[in-house]
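Asker: Have a look at the structure that comes next, please.
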Amino acid sequence: MRLARVQRGGGRAQQSATVANPVPGAGPDLLPHFLVEPEDVYIVKNKPVLLVCKALPATQIFFKCNGEWVRQVDHVIERSTDGGSGLPAMEVRINVSRQQVEKVFGLEEYWCQCVAWSSSGTTKSQKAYIRIAYLRKNFEQEPLAKEVSLEQGIVLPCRPPEGIPPAEVEWLRNEDPVDPSLDPNVYITREHSLVVRQARLADTANYTCVAKNIVARRRSASAAVIVYVNGGWSTWTEWSVCSISCGRGWQKRSRSCTNPAPLNGGAFCEGQNVQKTACATLCPVDGNWSPWSKWSACGLDCTHWRRRECSDPAPRNGGEDCQGVDLDTRNCTSDLCVHTASGPEDVALYVGLIAVAVCLVLLLLVLILVYCRKKEGLDSDVADSSILTSGFQPVSIKPSKTDNPHLLTIQPDLSTTTYQSSLCPRQDGTSPKFQLTNGHLLSPLGSGRHTLHHSSPTSEAEEFVSRLSTQNYFRSLPRGTSNMAYGTFNFLGGRLMLPNTGISLLIPPDAIPRGKIYEIYLTLHKPEDVRLPLAGCQTLLSPIVSCGPPGVLLTRPVILAMDHCGEPSLDSWSLRLKKQSCEGTWEDVLHLGEESPSHLYYCQLEAGACYVFTEQLGRFALVGEALSVTAAKRLKLLLFAPLACTSLEYNIRVYCLQDTHDALKEVVQLEKQLGGQLIQEPRVLHFKDSYHNLRLSIHDVASSLWKSKLLVSYQEIPFYHIWNGTQQYLHCTFTLERVHPSTSDLACKVWVWQVEGEGQSFNINFNITKDTRFSELLALESEGGVPALVGPSAFKIPFLIRQKIISSLDPPCSRGADWQTLAQKLHLDSHLSFFASKPSPTAMILNLWEARHFPNGNLSQLAAAVAGLGQPDAGLFTVSEAEC
């Protein structure tokens, strides 16, 4: 009767089961709870699946599948009693066949659920879904054969067959599994594509995509990947010996296509493997004696002599010397052997020797005089009062006492106004003084006389470059002068700048030893001219910059400033400073975040620039490797179009550059040559290390006025072209065609986005013949006018004030008025250990301030920071006229 009620109606069955067979000793509030519930299963081929339920306390358990009760005869029931509680337990099993599931296949998913009864009521289990497992035979996309060059990226796509459950994908290389955990050069994307970051010769193989689930295992067609190597020439051998030992002949040299040798179908070297040139070997000439001279007068020892020379002809080109003696001595006859006074020949000899001695003495005196005057000229540059005082604003207060012993007095130039200067502790005195916080102490240098050397004219610059290029290390320096600055410096220091690039070199005072004069250069390299090897996922974040000559002796670190395009977070990046040795190899000289205070190199990293302290000049670059998916490079997006359109076609060029000043300068100069203009305000895009490409598309073009000639929905720039950072001028061109020649208004949208990443949208709406409102946004500035500044004019802080700040803040102070407090006020306290490792920490802080704030630094803020240190002597940072 109970089963019939279950089949006729779930509600009545439940009611009947609730009141029937009460459990002895069970509490009236015990509802069944499930010890085992049915779980999701797959039917493989025609094998039925087993579903199990177990509940406590339970008097009845029935399965309900897709809303219908399962027949009682299909249940396998096992009753028991729980040993701990004495409550009745019940376990029920049913089998579900493929035919049952196929009846509802395509309409809804087949599910089953348990319902358990006790004397207190009913409880339902979770639903278990039963699905028919399958795996289709054909892949939706199979990998294709490829031929790639060495170190090029490889992407093999694979989209497995449709299946339930979804197929798992693995790759085989020559039938061996590919494990990315064992090979960091290999990566499998979420779309199951196999990515080889940099192709190696060992990657030449047959690749197979394998898809499998619980039903079957499918293999794609194998894709043959061939990694080829283009041949490269070895260095030339030395020239052979001339074919003729005497006269005109030939000599040759050779090279081989073995550096590297072409492999796997790579291209053979282009050019000749043998060079010939004419040679002329001079024939040897043997020496021959000239005629004997006349006999000399008879000497006191009754001898006379005569001489001859091997000069008729002299031996040359390897010829033999003359045989015999060049001096012949004989006894005089008895008539000539008379001891008399010296003859006329002896007198002439003595007079000549005396004249030569006098000339040598006079020449030595002249050389000493010239050296002393040159030394005085160099010292006068340092002691020139106009240099030390021209950086201070004139004041009209005259000192009441000029003999104050605590003031450093330098005789002023009578043609100039008297100035006040310097910063150091002083005793109480009557000399008029003013506080540092007035803002005039640290004003820029005035128009007084300076000893300066600016960049030479173009001819001199070209001569300087050609002189450098004759040395082996400088063969790769750019031959032009637009990306190069140079100057001659001494201990006073100076600054080199490459305008509009963000690149500069600060040479602090006393960085060059006193008495030394160096000719120093600063140059920017194009990435394609300098081969910078990047390992793994490394990317170039900064320009490649050289400063030199390398090997010069520096007693203080210089500061090299350059832009970078990475988001500065040491949690997301592993940043390294690379330096090229004289042999041409690149070395990691600094790992940012792991610096040692005593290291030769140190780096202050900021949002868009880095400042490198170095005591060794050379070629540098900042390289980064992403540590997480949050690591991103800043790309500058620029839209250019022709300034004048003379045809029906109109091109919009979209540039994707590293967000550095030097990259922007190169594109602006290139577009000026092409006659282009900026048509939208530049945007910044954060490009992440996700292996996804950059896509560009154009939309909403008025079809009645313009027609797009783009045959696809979007253009794409490969991920690796952007990420390695060594390719310039990356851009895409959208070509539009005017329907009528009179059309001049253009309205459209340009989208730039990284797949599964950030994007930017440009709304273009302008007149192509008249609108130039964005042209002034990229006007290149002069950045101070000259690329080289020497001496005090290169610094914002006047020389005497700098010296007083250093002498006052270097000694430790119990009240905190020292260099450490200054570093905290300037937000440089993270570098205290580096500053403390130097002989003058205050000088390092001021040097970094100079590098960061030239030429637009606010001296008033620095003056306020220095004056607010709380020195006990209120007159510590004051100056007077006598100190000028």
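The values are calculated or read from the model by the stated rules, or taken from the named source; none is laboratory data. Source: prediction; values computed, not measured. Positions of Cβ are backbone-derived with ideal geometry, glycine not excepted, and every protein chain shown enters the neighbour counts. These area figures cover heavy atoms from the full protein model, side chains too; ligands, DNA and RNA do not enter into them. Shrake-Rupley method; radii C 1.70, N 1.55, O 1.52, S 1.80 Å.
Asker: Among the residues of segment 551-581, which ones are among the polar types (S, T, N, Q) and either within 23 Å of His686 (Cα to Cα) or open to solvent by less than 10 Å² (accessible area, probe 1.4 Å) (or both)?
Answerer: Quick first cut of segment 551-581, residues among the polar types (S, T, N, Q) only: 555, 569, 572, 574, 580-581.
Residues satisfying the conditions are Ser569, Ser572, Ser574.
Asker: Tally up the residues in segment 503-530 that are among the polar types (S, T, N, Q) and open to solvent by less than 10 Å² (accessible area, probe 1.4 Å), please. I'd like the intermediate steps shown before the answer.
Answerer: Step one: of segment 503-530, the residues among the polar types (S, T, N, Q) are 504, 523.
Applying the additional criterion that residues be open to solvent by less than 10 Å² (accessible area, probe 1.4 Å) yields 523.
Here the count works out to 1.
Asker: I've got another one for you. Taking Asp563 as the residue in question, decide whether it is of a type in the set (Asp, Glu) and under 24 Å from Ile507 (Cα atoms).
Answerer: yes
Asker: Could you tell me which numbered condition Leu846 fails, if it satisfies all but one of (1) at pLDDT 85 or above; (2) open to solvent by 10 Å² or more (accessible area, probe 1.4 Å)?
Answerer: Result: Leu846 fails condition (2) only.
Asker: Being of a type in the set (Gly, Ala, Ser), assigned to a loop (DSSP other than H, G, I, E, B), within 17 Å of Asp659 (Cα to Cα) and touching a His at 6+ places or on another chain (Cβ under 7 Å): is that true of Ser569 here?
Answerer: Values: of a type in the set (Gly, Ala, Ser): yes; assigned to a loop (DSSP other than H, G, I, E, B): yes; within 17 Å of Asp659 (Cα to Cα): yes; touching a His at 6+ places or on another chain (Cβ under 7 Å): no.
No: the conditions fail for Ser569.
Asker: Can you find a residue in segment 630-638 that is part of a strand (DSSP E or B), open to solvent by 10 Å² or more (accessible area, probe 1.4 Å) and modelled with pLDDT under 90? Full working, then the answer.
Answerer: Residues of segment 630-638 part of a strand (DSSP E or B): 632-638.
Still in the running and open to solvent by 10 Å² or more (accessible area, probe 1.4 Å): 634, 636.
Those still in the list that are modelled with pLDDT under 90 too: none.
No: zero hits.
Asker: Is it fair to say Glu583 is in the same structural domain as Ile503 (by the TED database), more than 16 Å from the chain's Cα centre (by Cα) and either assigned to a strand (DSSP E or B) or charged (D, E, K, R) (or both)? So that I can check it myself, show each step before the final result.
Answerer: Numbers: in the same structural domain as Ile503 (by the TED database): yes; more than 16 Å from the chain's Cα centre (by Cα): yes; either assigned to a strand (DSSP E or B) or charged (D, E, K, R) (or both): yes.
In short, yes.
Asker: Would you confirm whether any residue within segment 782-805 is modelled with pLDDT under 80 and open to solvent by less than 20 Å² (accessible area, probe 1.4 Å)?
Answerer: Initially, segment 782-805 is screened for residues modelled with pLDDT under 80, giving 782-786.
From what's left, open to solvent by less than 20 Å² (accessible area, probe 1.4 Å): none.
Checking segment 782-805: not a single residue is modelled with pLDDT under 80 and open to solvent by less than 20 Å² (accessible area, probe 1.4 Å).
Asker: Please determine, by comparing only the residues of segment 654-675 that are assigned to a strand (DSSP E or B) and open to solvent by less than 30 Å² (accessible area, probe 1.4 Å), which one is nearest to Lys749 (Cα to Cα).
Answerer: The first filter runs over segment 654-675 and keeps only residues assigned to a strand (DSSP E or B), leaving 654-658.
After this cut, where a residue has to be open to solvent by less than 30 Å² (accessible area, probe 1.4 Å) as well, the list is 654-657.
Values: Val654: 12, Tyr655: 15, Cys656: 17, Leu657: 20 Å.
Result: Val654.
Asker: Within segment 761-770, how many residues turn out to be crowded, with 17+ Cβ neighbours inside 10 Å and within 29 Å of the chain's Cα centre (by Cα)?
Answerer: Just the residues of segment 761-770 that are crowded, with 17+ Cβ neighbours inside 10 Å, to begin with: 762, 764, 766, 768.
Restricting the remaining residues to those that are within 29 Å of the chain's Cα centre (by Cα) gives 762.
Matching residues across segment 761-770 total 1.
Asker: Considering only residues that are among the small types (Gly, Ala, Ser) and out of contact with any Phe, Trp or Tyr (no Cβ under 8 Å at 6 or more places or on another chain), which ones fall in segment 691-703? Reasoning before the result, please.
Answerer: Residues of segment 691-703 among the small types (Gly, Ala, Ser): 697, 702-703.
Listed by number, the residues that qualify are Ala702, Ser703.
Asker: Being part of a strand (DSSP E or B) and among the charged types (D, E, K, R) is the filter; apply it to segment 288-322 and report the residue that is most open to solvent (accessible area, probe 1.4 Å).
Answerer: Step one: filter segment 288-322 for residues part of a strand (DSSP E or B), giving 303-307, 316.
Adding the requirement that they be among the charged types (D, E, K, R) leaves 306-307, 316.
Values: Arg306: 50, Arg307: 107, Arg316: 124 Å².
Selected residue: Arg316.
Asker: So which pairs qualify, if the first residue must be in segment 300-322 and among the small types (Gly, Ala, Ser), the second must be open to solvent by less than 70 Å² (accessible area, probe 1.4 Å), the Cβ gap must be under 6 Å, and the two must be at least 6 apart or on different chains?
Answerer: Partner pairs satisfying both residue conditions: Ser311/Ser290; Ala314/Gly287; Gly319/Val285.
Asker: Here is a further query. When segment 188-199 is examined, which residues are found to be under 17 Å from Ala223 (Cβ atoms), surrounded by fewer than 19 Cβ atoms within 10 Å (Cβ to Cβ) and not hydrophobic (A, V, I, L, M, F, W, C)?
Answerer: Selection gives Thr189, Glu191.
Asker: Taking only segment 101-126 into account, find how many residues are in a loop (DSSP other than H, G, I, E, B) and either without any contact (Cβ under 8 Å) to a residue 24 or more places away in the chain or touching a helix residue (DSSP H, G or I) at 6+ places or on another chain (Cβ under 6 Å) (or both). Don't jump to the end; show me each part of the working.
Answerer: At the first step, the residues of segment 101-126 found to be in a loop (DSSP other than H, G, I, E, B) are 103-109, 119-120, 125-126.
Right, trim to either without any contact (Cβ under 8 Å) to a residue 24 or more places away in the chain or touching a helix residue (DSSP H, G or I) at 6+ places or on another chain (Cβ under 6 Å) (or both) and you get 103, 106-107, 109.
Qualifying residue count for the region: 4.
Asker: Another question, then. Of everything in segment 730-744 that's hydroxyl-bearing (Ser, Thr, Tyr) and part of a loop (DSSP other than H, G, I, E, B), which residue is surrounded by the most Cβ atoms within 10 Å (Cβ to Cβ)? Explain how you work it out, then say what you get.
Answerer: Restricting attention to segment 730-744, the residues satisfying the condition of being hydroxyl-bearing (Ser, Thr, Tyr) are 733, 735, 742-744.
Now drop any that are not part of a loop (DSSP other than H, G, I, E, B), which leaves 742-744.
Values: Ser742: 7, Thr743: 19, Ser744: 16.
Filtering first and then ranking leaves Thr743.
Asker: Considering only residues of segment 21-43 that are more than 16 Å from Lys127 (Cα to Cα) and open to solvent by 40 Å² or more (accessible area, probe 1.4 Å), which is modelled with the highest pLDDT?
Answerer: First, the residues of segment 21-43 that are more than 16 Å from Lys127 (Cα to Cα): 21-32, 43.
Remaining after also requiring open to solvent by 40 Å² or more (accessible area, probe 1.4 Å): 21-22, 24-25, 28-31.
Details: Asn21: 39, Pro22: 39, Pro24: 41, Gly25: 40, Pro28: 46, Asp29: 57, Leu30: 83, Leu31: 89.
It comes out as Leu31.
Per-residue answers, yes or no, for (1) of a type in the set (Gly, Ala, Ser); (2) closer than 30 Å to Cys257 by Cα; (3) open to solvent by 60 Å² or more (accessible area, probe 1.4 Å):
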site	(1), (2), (3)
Val178	no, no, no
Ser181	yes, no, yes
Ala202	yes, yes, yes
Tyr207	no, no, no
Val215	no, no, no
Val229	no, yes, no
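Asker: Turning to a different aspect of this structure: Which residue out of Glu587, Glu567, Glu528 is closer than 24 Å to Gln198 by Cα and in contact with a Lys or Arg (Cβ under 8 Å, 6 or more places away or on another chain)?
Answerer: Glu587
Asker: Would you check if Val623 is surrounded by 20 or more Cβ atoms within 10 Å (Cβ to Cβ), over 25 Å from His525 (Cβ atoms) and modelled with pLDDT of 90 or more? Walk me through it before giving the result.
Answerer: Numbers: surrounded by 20 or more Cβ atoms within 10 Å (Cβ to Cβ): yes; over 25 Å from His525 (Cβ atoms): no; modelled with pLDDT of 90 or more: yes.
In short, no.
Here's the yes/no breakdown for (1) within 30 Å of Ala278 (Cα to Cα); (2) within 32 Å of the chain's Cα centre (by Cα); (3) modelled with pLDDT of 90 or more:
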position	(1), (2), (3)
Ala224	no, no, yes
Ile244	yes, no, no
Arg248	yes, no, no
Arg253	yes, no, yes
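Condition check ((1) open to solvent by less than 50 Å² (accessible area, probe 1.4 Å); (2) of a type outside the set (S, T, N, Q); (3) within 28 Å of the chain's Cα centre (by Cα)) across all residues:
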residue	(1), (2), (3)
Gln677	yes, no, no
Phe687	yes, yes, yes
Leu694	yes, yes, yes
Leu711	no, yes, no
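Asker: What are the pairs with Cβ atoms under 7 angstrom where one residue, in segment 257-285, is outside any loop (DSSP other than H, G, I, E, B) and the other, located anywhere, is open to solvent by 80 Å² or more (accessible area, probe 1.4 Å) and modelled with pLDDT under 85? Sequence gap at least six, or different chains.
Answerer: Correct list of pairs: Lys276/Trp250; Ala278/Arg248; Ala278/Trp250; Cys279/Trp250; Ala280/Arg248; Thr281/Ser245; Val285/Arg316.
Asker: Let me ask another. Can you name the residue in segment 649-689 that is out of contact with any helix residue (DSSP H, G or I) (no Cβ under 8 Å at 6 or more places or on another chain) and of a type in the set (Ser, Thr, Tyr) and is also farthest from His740 (Cα to Cα) among such residues?
Answerer: Thr660
Per-residue answers, yes or no, for (1) closer than 28 Å to Ala535 by Cβ; (2) of a type in the set (Asp, Glu); (3) outside the structural domain of Ser761 (by the TED database):
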| position | (1), (2), (3) |
| --- | --- |
| Asp689 | yes, yes, no |
| Leu696 | no, no, no |
| Lys709 | no, no, no |
| Ile717 | yes, no, no |
| Tyr720 | yes, no, no |
